[in-house]
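What follows is a set of notes on a single structure, which appears directly below.
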Amino acid sequence: MNQAATGHYDKVRAIFDILNGNKEADLLIRNLNILDVHGETVYQGSILVYDKRIVALNPDEAITRVKETFDGKGLYAIPGLIDAHLHFESQLANPTALAEAMVPCGTTTIYAECLDLLSAAGDDGADVARDLFRDHHKLPYRLFAFAPGKKTPAAVTRAVLDMEPVIGLGEFEHFTYSSGNDDDFRKAAWVRERGGFMNGHWGVTALSDMMLNYLPAIGVSNNHDVWNEDDIEKSIRYGFPTHIKFGVGSSEVIKRLLRAIVDRKFPTDNFMLCTDNISIERLRTMGHMDWIISLCAEMGINPIKAIKMATYNTARSFHMEDRIGSLTPGRFADIVLTDSLSRINPLYVFKDGELIARDGKLLRNADIDYSGMCTKGVAGAGDLTPQMLDIVPIEVSEDGTKAKVYLFDVYGRGHDQFYREVWVPFRDGKVVPEVEGNTHARLSVVQRYPDGKRHVVNGLFKGVNLDRGAVATFWPAPKPYFVVVGRDSEEMCHCIRQVDAYSGACIVTDDKVDKAVMPLEIHGVMANMSVEELTSSATAIDAALEELGNSNEGEPVVNKLLSLFISLHRFRFMA
């Protein structure tokens, strides 16, 4: 036999010997209430682990030999939780920092996009991908990644498709695939040739029926962009395994989706759970997939079916149910012990049969240095003037008393509410920022590196309300733009110039004095910080803004502002 065949022979023989009491297994977890996701039942038993995988349920303990025994204390054993779609650089933490916040929540597997980081790196995207994925096997969670379907040159996508742990093509750009872009044809052809997966994207009710046919026809594997009941109905009708996403949506949107599943009695086998984008603070205070499952149960979904939406359904969708997603022989020993099925409380988290988190604390993390990925800022806003940030009306009423302007909102309330044109008072040639009796801060979207005339979009903003001062941030993908919120053009311009000194950052200023700074040193999209440092930095931004009059709820302001870039690009507010 060749070396590979010999290795498999040894493992097959070892498992036979273990089950017959002639060889030691690695771990026996006893005294459990085990969730059977296939039969949707719970039974009392034990789990035997060898070489990272489950090799037996309820083994004969009279003959079983084992190196270590763990008392499950009558807790429920459920499969390690899975996030079906996560932009694991867009939540600002590097992969090891993400582990600190995520794994104690019971998440042992993620299916991850990396398009923003690689887009920010431009032609160097392939090299950055290699740095990002370096030592991924050491991480205390299982990572399956996707090459960028949008925002990067086709050559970068092709190179990344050949890397580990890449399993397919990430979300397409709806502007290009719906217009017949040749790069998109090439990217889809490459992943079809490899037999990989393609992630779907864009609220399906916004697409023509022909595009809804086109996506599954070319092999798009799923859809993670549903915002209402009609989106859900069309998504599953066209054969998309459909992700219900929780990270970027407001509570109203999330509950609307879950209520539709319950009220319409949509079979839950159609659905998986994902976060898309989620802040480290939210992971640490509310949880991850554990919190999502609990909310599903609270909204009326059977708890076992909700757990399947974050485990087995996802594994099956990516054709990996033989490896993850259930507690059955042959699967990796990714196991979460919880004292409830309806309110997940990850007391113990195992990956590959190793206890990696207990009582909300990570016990083992990878030691990976990402400092080599940090970049220096290249200034581009030196000629920016305060006058460029003044709101110029789209239209002025015939009597000259009202002006039509843009009113923007946070991304998470849905695409249809992201922006609208509103009439506001117009006095002495200036816009008065009042809408329906409410005073709003201003928002400016500013091109960082102009090619000729600098592109600037100005309007009002509902998401952050300041009495004074300003907050600005920057996002480089797919185009380098600043966003700044404030009341005074001069202060807003100064705040942008402070951010301009960094490759990326979020900065709060008051009277042209820095009040809080969060550097995003890894190509302007990720912080080279530990979880504690990252959380502290985001909290400092919120605290500084609170002193300036803002009252924040939900995600930290830095995440809210960075999420804006998704819709700013989507609705063509970038040149």
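The values are calculated or read from the model by the stated rules, or taken from the named source; none is laboratory data. A quick note: this is a predicted structure, and the numbers were derived from the prediction, not measured. We place every Cβ from the backbone using ideal geometry, glycine too, and count neighbours over all the protein chains shown. To get the accessible areas, we keep the full protein, side chains included, count just its heavy atoms, and leave off ligands, DNA and RNA. Shrake-Rupley method; radii C 1.70, N 1.55, O 1.52, S 1.80 Å.
Just a few scattered comments:
- Glu68 being in contact with a Cys (Cβ under 9 Å, 6 or more places away or on another chain) and of a type in the set (Asp, Glu): no
- Condition check for Arg158: more than 22 Å from Met320 (Cβ to Cβ), of a type outside the set (A, V, I, L, M, F, W, C) and part of a helix (DSSP H, G or I): yes
- Qualifying residue in region 278-301 (condition: assigned to a loop (DSSP other than H, G, I, E, B), within 25 Å of Gly168 (Cβ to Cβ) and under 17 Å from the mean Cα position of the chain (by Cα)): yes
- Residues of region 548-566 that turn out to be surrounded by fewer than 20 Cβ atoms within 10 Å (Cβ to Cβ) and either over 22 Å from Arg282 (Cα atoms) or of a type in the set (S, T, N, Q) (or both), as a count: 3
- Whichever residue in region 417-445 is of a type outside the set (Val, Ile, Thr) and within 21 Å of Leu562 (Cβ to Cβ) and, among such residues, is surrounded by the most Cβ atoms within 10 Å (Cβ to Cβ): Leu443
- Single residue of Arg30, Arg13, Arg65 found to be among the charged types (D, E, K, R), open to solvent by 70 Å² or more (accessible area, probe 1.4 Å) and either under 30 Å from Gly170 (Cβ atoms) or touching a Ser or Thr at 6+ places or on another chain (Cβ under 8 Å) (or both): Arg30
- Yes/no for Gly125 being surrounded by fewer than 22 Cβ atoms within 10 Å (Cβ to Cβ) and outside any strand (DSSP E or B): no
- Near pairs, Cβ below 6 angstrom, 6+ apart or cross-chain, from region 29-48 (closer than 19 Å to Ile307 by Cα and in contact (Cβ under 8 Å) with a residue 12 or more places away in the chain) to any residue that is hydroxyl-bearing (Ser, Thr, Tyr) and open to solvent by 40 Å² or more (accessible area, probe 1.4 Å): Asn33/Tyr76; Ile34/Tyr43
- Qualifying position, being open to solvent by 10 Å² or more (accessible area, probe 1.4 Å), in contact with a Gly (Cβ under 8 Å, 6 or more places away or on another chain) and either closer than 22 Å to Ala366 by Cα or modelled with pLDDT of 95 or more (or both), among Asp131, Asp71: Asp131
- Residues in region 335-348 that are under 21 Å from Ile54 (Cα atoms), out of contact with any Ser or Thr (no Cβ under 7 Å at 6 or more places or on another chain) and not hydroxyl-bearing (Ser, Thr, Tyr): Ile335, Val336, Leu337.
- Scanning region 396-411 for residues that are of a type in the set (Val, Ile, Thr), open to solvent by less than 60 Å² (accessible area, probe 1.4 Å) and over 15 Å from His569 (Cα atoms) yields a count of 1.
- Restricting the search to strands (runs of 3 or more DSSP E) fully inside region 475-541 and requiring at least 2 residues that are surrounded by fewer than 22 Cβ atoms within 10 Å (Cβ to Cβ) and not charged (D, E, K, R) gives 513-519.
- The set of residues in region 437-472 being without any contact (Cβ under 8 Å) to a residue 60 or more places away in the chain and part of a loop (DSSP other than H, G, I, E, B) consists of Gly437, His440, Asp451, Gly452, Lys453, Lys462.
- Region 279-314, residues that are in contact with a His (Cβ under 9 Å, 6 or more places away or on another chain) and open to solvent by less than 10 Å² (accessible area, probe 1.4 Å): Thr314
- Lys453, sole failed condition from (1) in contact with a Ser or Thr (Cβ under 9 Å, 6 or more places away or on another chain); (2) more than 30 Å from Leu207 (Cα to Cα); (3) modelled with pLDDT under 95: (1)
- Residues that are without any contact (Cβ under 8 Å) to a residue 40 or more places away in the chain and open to solvent by less than 10 Å² (accessible area, probe 1.4 Å) within region 92-122 comprise Ile110, Ala112, listed in sequence order.
- Only one of the numbered conditions (1) of a type in the set (A, V, I, L, M); (2) at pLDDT 95 or above; (3) within 23 Å of Leu273 (Cβ to Cβ) is not met by Leu115, and that is (2).
- In region 446-463, residue nearest to Ala403 (Cα to Cα) [restricted to those that are among the aliphatic types (A, V, I, L, M) and crowded, with 22+ Cβ neighbours inside 10 Å]: Leu460
- For region 198-213, the criterion of being under 22 Å from the mean Cα position of the chain (by Cα), surrounded by 21 or more Cβ atoms within 10 Å (Cβ to Cβ) and more than 22 Å from Leu564 (Cα to Cα) is satisfied by at least one residue.
- Positions within region 33-59 being among the hydroxyl-bearing types (Ser, Thr, Tyr) and surrounded by fewer than 12 Cβ atoms within 10 Å (Cβ to Cβ), in sequence order: Thr41
- Flag for Asn22 being of a type in the set (S, T, N, Q), touching an Asp or Glu at 6+ places or on another chain (Cβ under 9 Å) and surrounded by fewer than 20 Cβ atoms within 10 Å (Cβ to Cβ): no
- Within region 247-278, restricting attention to residues that are open to solvent by 20 Å² or more (accessible area, probe 1.4 Å) and acidic (Asp, Glu), the residue that is farthest from Met526 (Cα to Cα) is Asp263.
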